[in-house]
Amino acid sequence: MNIRPNNTLEKKTFTRPNYTPPSSVPPEIKKWGKQRGIAEDVLGRNKIDLKGEMIQFPYYKNGEVINIKQRGLEDKTKQRLESGAELNLYGYDDIDNERTIIVEGEPDKLSIETVGYKNCVSVPNGAKGLTFFDNCRDRLDEVKAFTWAGDNDSDGKALEAELIRRLGPERFKRVTWPADCKDANDVLTKYGANTLRECIEKAKPYPVEGLFGITDITEEVLNLYDNGMSGGVSVGWKNLEDLYAVRQGEWTLVTGIPSHGKSEFLDALMIKLAQLYGWKFVVCSPENQPLKRHVAKLLEKSVGKPFRNGLIPKMDSPDLMQGLAWLNDHVHFILPPEDDLTVDSILSIAKSAVLKYGINGLVIDPWNELDHSRPNNMNETDYISQSLTKIRQFARRHEVHVWVVAHPTKMQKDSSGNYPIPTPYDVSGSAHWRNKADNCLAVWRDLSNPDGQEVQIHIQKIRFKENGQIGHATLYYDKVTGRYFDDPVSNKIHETECIPF
């Protein structure tokens with residue numbers, strides 16, 4: 001009997017902690033708050049309690065407690081949230097649609113409320129990422145403006161950059177703390193309420209797009225002086241390590257003769273980056289239809305086992321369901337109506353995916369399948385220039401790496417039956433492909449040996465030398481799993497390849 005697994009990915013459910021708010025502020029909490037300059041009425045309004053030696057910060061959403069942060073009364077490094085409970089913003093019910101202040105810790109939210117700003121929320125787990133974001137993104141989307149008042153350290157700056165990337169710099173102001181203060185509570189305890197209030201009131205907008213002063217970028221210049229220019233992330237194959245690295249905010253042209261494996265390579269590259277760094281992608285691939293077939297191919301690459309029976313047994317049901325759950329966290333698809341398959345519509349949906357999922361990569365595969373209708377007074381060269389500028393602007397603005405697959409014009413085979421290796425100048429339309437791309441690569445196979453595993457990846461342009469260099473590498477394609485390897489492979493599962501579950 002063929003027992004089919006439950007083929008639905010259940011919507012995540014959360015436990016609700018039991019919490020009885022104190023009728024009055026406990027004496028130990030009063031003392032704790034007084035030491036930090038936090039007003040007693042603020043402690044009471046936020047219903048903070050003590051359990052043993054742990055402060056209890058209840059997380060409210062729509063008037064109900066959805067989580068509790070426990071924090072050591074004496075040792076603040078002792079912290080925990082309720083297992084299985086919803087991860088969300090502390091102070092969610094205080095979100096204000098006109099302006100909301102964002103901080104990195106519960107005491108900072110309470111400090112800012114103490115000096116008169118109830119419209120303040122804290123991220124639940126400091127600068128440890130945005131895993132909470134899915135549970136509040138719709139509410140944050142309603143807010144017109146934000147003030148970032150996070151920690152003055154490297155982790156705080158990284159969190160700030162990711163929030164701004166998702167929510168948009170035009171909606172943000174940034175608070176500057178005194179040089180000897182890390183956060184809002186530091187300012188309150190060292191300098192008092194007036195100074196903290198002044199810091200909030202003097203928050204500065206992010207630089208106007210396209211207009212910069214030296215003071216706007218001094219910190220970045222100093223960081224470059226101290227640490228040098230950081231390159232992109234390794235793609236996970238040692239044969240390509242010195243040639244091609246992927247950096248967010250750039251875009252790569254991928255070309256190659258049809259059937260040479262451009263899409264297969266890009267799928268494998270996505271899975272590598274997701275496995276190694278947790279990257280998330282959105283894919284517009286009209287040629288890879290229906291979607292279920294594309295998902296099957298991605299499953300083979302992520303699980304490392306075939307989707308169908310053949311030389312070796314196909315993946316079992318647990319592998320299948322784990323693979324689907326993992327892909328659900330890392331890959332999303334863009335499939336607009338065929339009469340709206342334009343660059344503008346794809347970038348508009350991808351912008352929403354930045355907000356909703358925090359994507360790191362966008363794949364457009366292939367360019368030739370899009371609707372390239374243009375005004376009568378615009379020639380193809382100008383249209384391509386304008387479109388590629390939009391793609392570049394999207395990549396830079398949202399810190400997303402974009403891959404665009406574009407077929408070359410018709411090429412002639414040589415005497416051995418092979419096509420020459422195409423270059424960006426062979427892509428139909430314009431030399432703008434070569435000029436505007438940050439990186440260019442071609443995928444090429446020797447078709448005179450159709451059973452061969454060798455696939456050549458030709459790196460033909462690298463704009464920034466810290467990301468690689470011109471050259472080519474050979475990878476070996478495993479037809480059974482759809483994976484690529486640095487060395488020749490046989491038709492069996494590679495035990496050295498870990499499954500990401």
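Residue-by-condition table, conditions (1) closer than 23 Å to residue 119 by Cβ; (2) open to solvent by 40 Å² or more (accessible area, probe 1.4 Å); (3) in a loop (DSSP other than H, G, I, E, B):
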site: 159; (1), (2), (3): yes, no, no
site: 176; (1), (2), (3): yes, yes, yes
site: 181; (1), (2), (3): yes, no, yes
site: 188; (1), (2), (3): yes, no, no
site: 196; (1), (2), (3): yes, no, no
site: 215; (1), (2), (3): no, yes, no
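Output the number of residues of segment 329-368 satisfying the condition of being part of a helix (DSSP H, G or I) and within 16 Å of residue 268 (Cα to Cα).
Narrowing segment 329-368 to residues part of a helix (DSSP H, G or I): 329-330, 338-340, 343-357, 367-368.
Among the residues that remain, those that are also within 16 Å of residue 268 (Cα to Cα) are: 330.
Count: 1.
Against the criterion of being within 30 Å of residue 274 (Cβ to Cβ), free of Cβ contacts under 8 Å to residues at least 24 places away in the same chain, among the basic types (Lys, Arg) and in contact with an Asp or Glu (Cβ under 9 Å, 6 or more places away or on another chain), residue 238 does not qualify.
Residues that are crowded, with 20+ Cβ neighbours inside 10 Å, out of contact with any strand residue (DSSP E or B) (no Cβ under 8 Å at 6 or more places or on another chain) and either among the small types (Gly, Ala, Ser) or without any contact (Cβ under 8 Å) to a residue 12 or more places away in the chain (or both): does segment 41-50 have at least one? For segment 41-50, residues crowded, with 20+ Cβ neighbours inside 10 Å, out of contact with any strand residue (DSSP E or B) (no Cβ under 8 Å at 6 or more places or on another chain) and either among the small types (Gly, Ala, Ser) or without any contact (Cβ under 8 Å) to a residue 12 or more places away in the chain (or both): absent. Looking across segment 412-468, the residues that are touching a Gly at 6+ places or on another chain (Cβ under 9 Å), without any contact (Cβ under 8 Å) to a residue 60 or more places away in the chain and not hydrophobic (A, V, I, L, M, F, W, C) come down to 446, 448, 458, 465. If the condition is being assigned to a loop (DSSP other than H, G, I, E, B), of a type outside the set (Val, Ile, Thr), over 16 Å from residue 251 (Cβ atoms) and open to solvent by 80 Å² or more (accessible area, probe 1.4 Å), then segment 451-474 contributes 451, 469.
In segment 100-123, what residues are in a loop (DSSP other than H, G, I, E, B), touching a Lys or Arg at 6+ places or on another chain (Cβ under 7 Å) and not polar (S, T, N, Q)?
115, 116
Screening residue 238 with (1) of a type outside the set (Asp, Glu); (2) modelled with pLDDT of 95 or more; (3) in contact with a Gly (Cβ under 9 Å, 6 or more places away or on another chain); (4) under 30 Å from residue 483 (Cβ atoms) gives one miss only, at (3).
Please determine, by comparing only the residues of segment 414-430 that are in a loop (DSSP other than H, G, I, E, B) and at pLDDT 90 or above, which one is nearest to residue 466 (Cα to Cα).
First, the residues of segment 414-430 that are in a loop (DSSP other than H, G, I, E, B): 414-423, 428-430.
Then drop every residue that is not at pLDDT 90 or above, which leaves 420-423.
Working: 420: 29, 421: 25, 422: 25, 423: 22 Å.
Among them, the one singled out is 423.
Counting only residues that are aromatic (Phe, Trp, Tyr), open to solvent by less than 10 Å² (accessible area, probe 1.4 Å) and farther than 28 Å from residue 248 by Cβ, how many does segment 267-315 have? Going through segment 267-315 one residue at a time, the tally reaches 0.
The values are calculated or read from the model by the stated rules, or taken from the named source; none is laboratory data. From a predicted model like this one, the values you see are computed outputs, not experimental measurements. Every residue, glycine as well, gets a Cβ built from its backbone with ideal geometry; the counts of neighbours run over all protein chains shown. Each accessible area value is taken on the protein alone, full model and side chains, heavy atoms only, with ligands, DNA and RNA left out. Shrake-Rupley method; radii C 1.70, N 1.55, O 1.52, S 1.80 Å.
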